[in-house]
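A.B. asks: Dropping a structure here in structure tokens format, bear with me for questions.
The values are calculated or read from the model by the stated rules, or taken from the named source; none is laboratory data. Quick caveat, the model's predicted, so the values are computed rather than measured. When we count neighbours, we look across all protein chains shown, and the Cβ atoms used for this are built from the backbone with ideal geometry, even at glycine. Surface accessibility is based on the protein's heavy atoms, side chains included, excluding ligands, DNA and RNA. Shrake-Rupley method; radii C 1.70, N 1.55, O 1.52, S 1.80 Å.
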Amino acid sequence: MASYGAAQQKQYVDDQGNRILVELLDENGEFCTGLEYCAMAFTYDERGYMASRTYLDADGQPVLSPSQNYAQIRYVNDEQGNPLEVSFHDAQGDPINNAYGYAKEVTEYNAMGLQTRNAYFDAEGDPADYR
């Protein structure tokens, strides 16, 4: 697993073996309050595919990551686990443009499961050119 700038990471998994929480801890086992966030929580859809990742502060509340410019990323997946939509949200759950300048990516696939189109939208739902 990638390092997030913490001395320790404590991970929790659910009954299906899905990672549901990662805490970022200092050398003393305390939350790394000097980082952008202290933990990440993960949820999964009914098929077991990741549905969201949320950055949390030391109190377990969603917190905006300044470097990524979102507090939560949400995924909508098809039956094979391909991401159909990826959207970014602030700490209140509202759409927000991420650090790359878009709030939602929509992906289409052909019958063979290959990506055929990606479209990007801003927080207001308008097409976004994030280049």
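A.B. asks: Of everything in the stretch 70-99, what is modelled with pLDDT of 95 or more, part of a loop (DSSP other than H, G, I, E, B) and either of a type in the set (Asp, Glu) or surrounded by fewer than 18 Cβ atoms within 10 Å (Cβ to Cβ) (or both)? Give them in sequence order.
C.D. replies: Residues satisfying the conditions are Asp90, Gln92, Gly93, Asp94.
A.B. asks: Right, another one. Can you name the residue in the stretch 105-115 that is open to solvent by less than 80 Å² (accessible area, probe 1.4 Å) and of a type in the set (S, T, N, Q) and, of all such residues, is nearest to Gln61 (Cα to Cα)?
C.D. replies: Per the stated criteria, the residue is Thr107.
A.B. asks: Right, next: Quick one: which of Tyr102, Tyr130 is open to solvent by less than 30 Å² (accessible area, probe 1.4 Å), of a type in the set (Phe, Trp, Tyr) and farther than 30 Å from Gln8 by Cβ? Don't jump to the end; show me each part of the working.
C.D. replies: On the way: Tyr130 fails: open to solvent by less than 30 Å² (accessible area, probe 1.4 Å).
Step by step, each of Tyr102, Tyr130 is checked, and only Tyr102 is open to solvent by less than 30 Å² (accessible area, probe 1.4 Å), of a type in the set (Phe, Trp, Tyr) and farther than 30 Å from Gln8 by Cβ.
A.B. asks: Pick from the stretch 29-60 the residues that are over 21 Å from His89 (Cβ atoms) and touching a strand residue (DSSP E or B) at 6+ places or on another chain (Cβ under 9 Å): which of them is surrounded by the most Cβ atoms within 10 Å (Cβ to Cβ)?
C.D. replies: Restricting to residues being over 21 Å from His89 (Cβ atoms) and touching a strand residue (DSSP E or B) at 6+ places or on another chain (Cβ under 9 Å), the top hit is Cys32.
A.B. asks: So Phe121 passes all but one of these: (1) open to solvent by less than 40 Å² (accessible area, probe 1.4 Å); (2) at pLDDT 95 or above. Which condition number does it fail?
C.D. replies: (1)
A.B. asks: Related question: Can you list the strands (runs of 3 or more DSSP E) found entirely within the stretch 1-57 that contain at least 3 residues being of a type in the set (A, V, I, L, M)?
C.D. replies: In the stretch 1-57, the matching strands (runs of 3 or more DSSP E) lie at 19-25, 39-44, 50-56.
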